[in-house]
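Notes for the one structure printed next.
The values are calculated or read from the model by the stated rules, or taken from the named source; none is laboratory data. These numbers were taken from a predicted model, which means no experiment stands behind them. Here the Cβ positions follow ideal geometry from the backbone for every residue, glycine too, while neighbour counts run over all protein chains shown. Accessible surface is based on the protein model in full, side chains and every heavy atom, while ligands, DNA and RNA are left aside. Shrake-Rupley method; radii C 1.70, N 1.55, O 1.52, S 1.80 Å.
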Amino acid sequence: MLFPWPYDKVVLHAGVYEEQVEVSLKVPVEIVGLGKLGDVSLLVSFDQQCPTARLCNLVFMPAWFSPVVYKTSSGHVQLDNCNFEGCQLHIRGPGTCQARFCSFAQGSSAHFLGVAISLMDSCEFSGGDSASVTVEGAPVSERNWAFKHLVALVKTFTMMTSNGSTEISNQGGKDSVGAGSHVNTPLEGDGTVIEEDGMETSSESSDEDDEQDGEKGTGLKLSYDQHGLAHLSKADTPDSSAFPALLSLSAELQRDAEARDLAALVQGCLLRRCLLRDGKGGVHLCNHGQARLEANVFRGLNYAVRCIQNAKMVMLRNEVCGCKASGVFLRLSAQGLIAENNIHSNGEAGLDIRKGANPIILCNRIHSGLRSGIVVLGNGRGSIRSNQIYGNKEAGVYILFNGNPVVSGNHIFQGLAAGIAVNENGRGLITENVIRQNQWGGADIRRGGDPVLRNNFICYGYSDGVVVGERGRGLIEGNHIYGNRGCGVWVMSSSLPQLIGNHITHNRIYGLAVFCRKDTESARDRGGPENFNEEGELMAWESDIDSEDERFSSRRPITVALVENNCISHNRAVGVYVKSSEPLNVVANMVNSNRGDGVSVIQSAQLTRLVGNCVLCNGWTGVAVDRECRVELRGNGVYGNNCHGVCFRGDGLIVENDVVGNNAVGIRVMDNADVKVLRNRVQVLRGYGISVKERVRGVVQENLVYQSHSASTKNPIRTNKQNLECVVLNNSLLTPRSQALWTLDNPPPRPHNSNPSSVTPSTLPAHLAITMTNRITASVESGCHNNGSIFCSIL
């Protein structure tokens with residue numbers, strides 16, 4: 001073919017045109033097929049060497065010598081209403097392309113190498129055995145004549161779409177899947193309370209009838225309302241109005257300059273309103289390539305988008321569904337903005353982030369996947385904010401193998417497994433999310449997982465709120481964990497979490513449970529699966545584990561699990577249940593109004609320290625310690641519980657506690673306990689202040705017992721006179737003279753060393769960078785029968 005005159009218009013009549021050699025276009029030309037699309041077919045390979053060309057209403061098929069039917073490396077080509085069948089389109093920068101209403105079928109594809117800008121608008125790609133669109137290489141700095149015109153055209157598109165979208169709550173999501181009707185799911189009926197190796201609490205009252213006779217009525221009561229944790233007793237259960245609202249894309253862009261710059265990015269290849277279906281891959285970006293994908297549909301592919309090797313993309317308002325593998329795949333330091341997409345019903349993860357990829361993921365709906373919603377692993381990072389993640393068969397967000405994303409302000413709900421799972425040395429900052437109505441734990445941390453879980457609402461789950469399984473770690477701080485059908489927090493004793501400043505309330509079983517059995521046994525006993533069914537994913541991902549071991553040195557080692565400054569209240573069984581083979585520090589917590597015991601220690605092979613807690617108004621005993629348990633009680637306030645204040649059968653210390661206003665014995669020591677009861681202040685409404693029974697060994701010394709009735713003649717300390725191994729001496733009895741003098745002072749009611757500001761981390765602005773805090777708990781290890789322990793928190 002020869003076109004001697006510039007800007008000729010060549011009209012081709014119906015037929016098939018074939019050339020045996022490559023055709024060079026050296027002057028601007030327009031080639032138009034006459035008739036219906038399909039009437040004119042070209043078996044030609046064009047090499048455009050002129051500034052501009054336009055081709056319209058043509059069918060391209062490969063020539064016998066090359067699959068490439070059109071290429072340009074400097075000029076601009078416009079393709080309108082063309083079909084490509086089994087062939088390739090190649091554009092190399094500074095060349096540009098604008099294709100509209102074109103079809104790429106039977107494995108046809110478009111390749112862009114180093115393009116500064118090109119536009120594919122309303123095109124269809126289908127049936128390929130490789131990526132339909134490949135974008136490779138950083139945009140070249142050289143520009144052709146069409147560059148500024150295409151940039152202006154693309155900016156009009158982006159302005160039109162940005163003005164009319166942004167509210168994810170109006171995209172049909174709206175926490176759309178039953179959010180309005182089931183947010184405040186009531187806990188109907190009484191849950192089954194697990195009484196494992198129990199302490200025969202059902203008979204505790206009856207076998208102490210002789211300890212509770214005597215004076216009728218309550219007598220004068222000591223006031224304890226001014227204790228140091230009074231601010232925690234006022235916590236109510238939040239309702240859905242307290243949930244942080246999902247931010248719109250415009251609001252997210254206003255507060256994030258990096259995301260705002262990405263949203264304005266118009267370099268590289270722009271795909272707009274295209275359909276990519278029924279092939280191996282959709283869009284493949286690599287080697288610093290750049291692309292903008294907007295309002296496209298990816299359907300029935302192996303994968304929709306693959307972004308690797310420092311490539312950068314902007315992906316806005318696309319639908320990604322029915323992929324056999326992950327929908328969107330980022331690795332090898334890829335970056336980009338993924339916003340307001342509908343990603344659903346994919347065979348693997350909706351988004352898969354690994355190998356240093358660091359995207360910004362905003363305001364998407366990621367749902368109904370056959371596995372996880374988002375997976376971050378192998379040093380993958382990313383900022384995952386204001387998304388709706390729901391209805392996935394595995395974890396909504398799954399972090400493992402040193403993945404370390406920021407997961408903030410998302411609503412993660414109605415998943416068929418955990419809401420967020422952190423496993424296999426995964427990390428991450430997980431903050432201000434609403435995690436609700438998931439089948440397994442709202443947050444599940446195991447096998448070296450070490451996240452920061454802060455200021456989240458974890459509620460209405462069908463299992464436990466937070467699970468810290470075998471070798472789990474992490475800082476769990478300032479969360480509202482309530483209304484779950486299992487435990488509020490379930491911890492395996494081989495794990496080392498820090499639970500600080502959480503509100504753990506209104507859960508159907510325990511508030512906090514610490515177990516020593518292996519995950520397989522305990523999961524079976526709790527009626528749940530052993531793990532996340534992740535074995536298939538683990539096999540597929542193990543090749544992406546990095547060899548460096550820096551993940552183990554990133555945070556200061558913690559040697560003892562810490563439970564501090566939490567409010568654990570209104571749970572339907574025991575507030576704090578301990579059956580542990582490892583040491584545990586329980587410090588400055590409010591444990592109140594639980595239906596069972598406040599604190600129940602069933603097994604404690606190593607020392608459990610209860611220091612500076614307030615155990616208040618629980619349905620049974622305040623603190624119950626079983627046989628052969630090693631426990632230290634120091635500086636606690638045990639007030640107004642419905643049975644005994646402290647019932648102690650183990651070994652340890654009961655030192656400087658206030659045990660006041662309980663409905664049975666104040667401090668009850670029995671069986672073969674080996675204990676020192678020192679410098680406590682005790683008052684009960686009826687019965688004995690201190691009861692030492694059976695074969696107890698130890699010392700009861702320098703305790704102050706307040707007598708409720710001024711006319712009482714009964715000794716408030718009951719001992720077994722035949723037991724010579726328990727020394728009782730220098731205890732004092734205080735009888736009331738007037739109500740004005742009947743107070744706890746010098747010191748005031750315990751506990752009194754709590755810092756209220758330390759339990760309100762939610763007052764920190766969420767958008768500020770958060771410095772990781774290492775808490776070091778130092779203790780003086782000096783055995784059970786000496787001066788006890790000292791706790792020092794260093795921030």
Distance check, please: which entries in Lys693/Lys714; Lys676/Lys714; Lys36/Lys280; Lys234/Lys579; Lys234/Lys714; Lys234/Lys693 exceed 27 angstrom between their Cα atoms?
-> Lys36/Lys280; Lys234/Lys579; Lys234/Lys714; Lys234/Lys693
Taking r as the C-beta separation of Val151 and Ala257 and R0 as 22 Å, the FRET efficiency to the nearest 0.05 is 0.55
Roughly how many Å² of Asp261 are accessible to a 1.4 Å probe, to the nearest 10?
-> 110 Å²
Lys9 accessible area, assembled protein chains, probe 1.4 Å, Å² | 130 Å²
What order do Lys155, Lys693 take when sorted by accessible area (1.4 Å probe), most exposed first?
-> Lys155, Lys693
Where does each of Met315, Met61 land when they are ordered by accessible area, with a 1.4 Å probe and the largest first?
-> Met61, Met315
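Suppose R0 equals 22 Å; then what is the FRET efficiency for Lys324 and Lys393 from their Cβ-Cβ distance, rounded to the nearest 0.05?
It comes to 0.90.
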Calculated FRET efficiency, Leu332 and Glu628, Cβ-Cβ r, R0 51 Å, to nearest 0.05?
-> 0.40
In Å², nearest 10: area of Leu37 left accessible to a 1.4 Å probe | 70 Å²
Under the Karplus curve 6.51 cos²θ - 1.76 cosθ + 1.60, θ = phi - 60°, whole-Hz ³J(HN,Hα) for region 394-402, x wherever Gly or Pro sits = 10, 4, x, 10, 10, 10, 7, 6, 6
Computed label-point distance, nm, for sites Glu694 and Leu275 using a 7 Å Cα→Cβ extension | 7.8 nm
Residues of region 53-80 with amide N under 13 Å of a point placed 7 Å along Cα→Cβ from Glu30 | 53-57, 78-80
Simple spin-label model, 7 Å along Cα-to-Cβ: Arg679 to Trp5 in nm?
-> 10.9 nm
Take Glu432, Glu628 and sort them by solvent-accessible surface of the protein heavy atoms, 1.4 Å probe, largest at the top.
-> Glu628, Glu432
Please list the non-local residues whose amide H lies under 5 Å from the amide H of Cys647, H modeled 1.01 Å from N, same-chain partners needing a gap of 5 or more.
-> Val623, Ala624, Val625, Arg668
